[in-house]
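Worksheet for the structure shown next.
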Amino acid sequence: MNWNLDQLKSELKSQKKLKNWIIVQENIHRRERYFLMDGQGEKKSVGLDQDREVNSQNVEVKLMVDIGKPDRQGEITKKLFKGEPLGPQIEKAIAAAEVTDHQAWSLPKDLPTQVPEVKSCDPKMLEDLNGTMNQVTAQIMETALSFPSTQFNSSELFMSVHLKELHLSNGLTHRSQQSRMYVEAAYSYAQDGKSDEYLHTAWTVSPSDVSVADIFNEASSRALHSLDVQKPVTGKYSVIVDADVLATLMAGYVDHLKSKSEYLQLPFKKIGEDFVEGAIGDLITLTLDPSLEYGAVTVSVSELGTLEKPIRLVKNNKVIAHAIDQQHAQYLSKKPTTHKGNVVLSPGKLSHDELTAAAPQVLEILQFSGLFFSPHSGTFSSEIRLARLFDHKSGKITYIKGGSLSGSIAENFKNAQFSKETAKKAQFDYHQSDGYFGPKYALLSQVSVVG
């Protein structure tokens, strides 16, 4: 009963109602390990609680169907299953597409040429995933018990290699590969009958871009301060956020520069407008770059069959270009540009220490409980999981926990200052991948904090 890609393509070509189709097949080799504390006292050690290996395959098709209306078509994206007969699955998908009604668009007539090679997969993980897993496991085993002031609780390590094939009805076939790694470390600290835990996580495309020792050290050192905390005093603060927060905010706010937002009449910034209205701090220069080594969105060809290459969208806070995909380019009678890539922000001139001394009081967010961000409005908010307050009047550093922070890119990035230190960040969530290359920290002004 199992069918293959050639049979799927033949089946789609035989369907007269289909105008265009896209096939994405992804083979995934995944390893998972879970670590817990084993034993007590001098006999304690890091124990391997679970060790899993999974090989899976996903096949998904996007079908564009003729529904007999001028400039309209039916569309559906459907997951197919190798263990079920192919014909009935395609027939059901076409029938479901026929009851939809979308503005018509088509795949590119010209196939991309001179496709660049990109480094999107760590070669060691591709060649020997199990061996790489063992190497990072050894680092975890060696590092986890190196912090006697705190209690190691648990760790997780996931690694996967994704081999993707893209087949389009216009004749394009493109193969790509990507590696992913996730590390998690949890430590707790107990004092006077109280205890609290700090969890630190990191995604990466290549193990060479993260330090297991730094991840575990940060989780332990912050757990150590998790009990000696105060609630913040309500007011407006100069606030330092890190690259994880910047990556989340910029990945969403860049939608204001995409043709899809223009077509859907969502917030959209035109050429020549300010990216952050009235900004007078470090002026943002933003590039969408799919070519960077081991980025989360490092690709050479999009799933719509267009060549992806670096494009600068914002220069010194002025919008100079838009990210226009194949579909919305036709809707808006524009030429397609790059629409996928890692968000790249130009760094600033100040060090982290200089940012902490840039105002009488500076609140540095070490971790949010969960950042809520609206890409449309640019507003963000969260409870403060852990922060530290640099009070230059008293000369004290106080750790803060609780209370809530809220702000917006439009208001709080007007006077933003970015660090000269840079960071590379990756985030993977279901079908969403976000890559960030830019300042490791940003100092935002007049951010509202409620204690």
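The values are calculated or read from the model by the stated rules, or taken from the named source; none is laboratory data. What you see is a predicted model, and the numbers here were worked out from it, not measured in a lab. Positions of Cβ are generated from backbone atoms using ideal geometry, with glycine treated the same way; all protein chains shown enter the neighbour counts.
For the reader, a short list of remarks on this structure follows.
- Scanning segment 414-451 for residues that are outside any loop (DSSP other than H, G, I, E, B), among the hydrophobic types (A, V, I, L, M, F, W, C) and over 30 Å from K119 (Cβ atoms) yields a total of 5.
- Residue list for segment 88-122, restricted to those being touching a helix residue (DSSP H, G or I) at 6+ places or on another chain (Cβ under 7 Å), farther than 19 Å from L12 by Cβ and surrounded by fewer than 19 Cβ atoms within 10 Å (Cβ to Cβ): Q103
- Selection status of S14, free of Cβ contacts under 8 Å to residues at least 24 places away in the same chain and either surrounded by 14 or more Cβ atoms within 10 Å (Cβ to Cβ) or in the same structural domain as G171 (by TED's automatic domain parsing) (or both): yes
- Members of segment 54-85 found to be touching a residue at least 24 places away in the same chain (Cβ under 8 Å), within 24 Å of S160 (Cβ to Cβ) and within 31 Å of the chain's Cα centre (by Cα), listed by number: V54, N55, S56, Q57, N58, V59, E60, V61, K62, L80, K82
- None of K340, K315 is charged (D, E, K, R), out of contact with any Cys (no Cβ under 9 Å at 6 or more places or on another chain), modelled with pLDDT under 95 and outside the structural domain of K109 (by TED's automatic domain parsing) except K340.
- Among the residues making up segment 368-412, a single one is under 23 Å from A279 (Cα atoms) and either among the charged types (D, E, K, R) or not assigned by TED's automatic domain parsing to the domain that holds T248 (or both): E411.
- Selected residue [at pLDDT below 95, touching a strand residue (DSSP E or B) at 6+ places or on another chain (Cβ under 9 Å) and surrounded by fewer than 22 Cβ atoms within 10 Å (Cβ to Cβ)] from G305, G272, G252: G252
- Taking the listed residues V24, V118, the one that is modelled with pLDDT of 95 or more, part of a loop (DSSP other than H, G, I, E, B) and of a type in the set (A, V, I, L, M) is V118, with no other qualifying.
- Residues of segment 179-221 that are among the charged types (D, E, K, R) and either assigned by TED's automatic domain parsing to the domain that holds Y436 or surrounded by fewer than 22 Cβ atoms within 10 Å (Cβ to Cβ) (or both): E184, D192, K194, D196, E197, D209, D214, E218.
- E197 being more than 19 Å from the chain's Cα centre (by Cα) and either small (G, A, S) or more than 21 Å from T143 (Cα to Cα) (or both): no
- Criterion (of a type outside the set (D, E, K, R) and farther than 30 Å from S179 by Cβ) met by exactly one of S394, S419: S394
- Pairs linking a residue in segment 423-447 that is touching a residue at least 40 places away in the same chain (Cβ under 8 Å) and not assigned by TED's automatic domain parsing to the domain that holds C121 to a residue that is part of a strand (DSSP E or B) and among the basic types (K, R), with Cβ atoms under 6 Å and 6 or more positions apart or on different chains, are F428/R180; Y436/K425; F437/K424; Q446/K236.
- Looking across segment 121-147, the residues that are assigned to a loop (DSSP other than H, G, I, E, B) and modelled with pLDDT under 95 come down to A144, L145, S146, F147.
- If you go through segment 33-68 and keep only what is more than 29 Å from L157 (Cβ to Cβ) and surrounded by 11 or more Cβ atoms within 10 Å (Cβ to Cβ), you end up with V61, K62, L63, M64, V65, D66, I67.
- Test: E277 is assigned by TED's automatic domain parsing to the domain that holds R388, in contact with a helix residue (DSSP H, G or I) (Cβ under 7 Å, 6 or more places away or on another chain), surrounded by fewer than 17 Cβ atoms within 10 Å (Cβ to Cβ) and assigned to a loop (DSSP other than H, G, I, E, B): yes
- Positions within segment 326-376 being in contact (Cβ under 8 Å) with a residue 24 or more places away in the chain and in a helix (DSSP H, G or I), in sequence order: Q326, Q327, H328, A329, Q330, Y331, H352, L355, T356
- Within segment 393-422, being out of contact with any Gly (no Cβ under 8 Å at 6 or more places or on another chain), in contact (Cβ under 8 Å) with a residue 24 or more places away in the chain and basic (K, R) holds for K393, K401.
- Selection status of K269, basic (K, R), on the phi < 0 side of the Ramachandran plot and within 20 Å of the chain's Cα centre (by Cα): no
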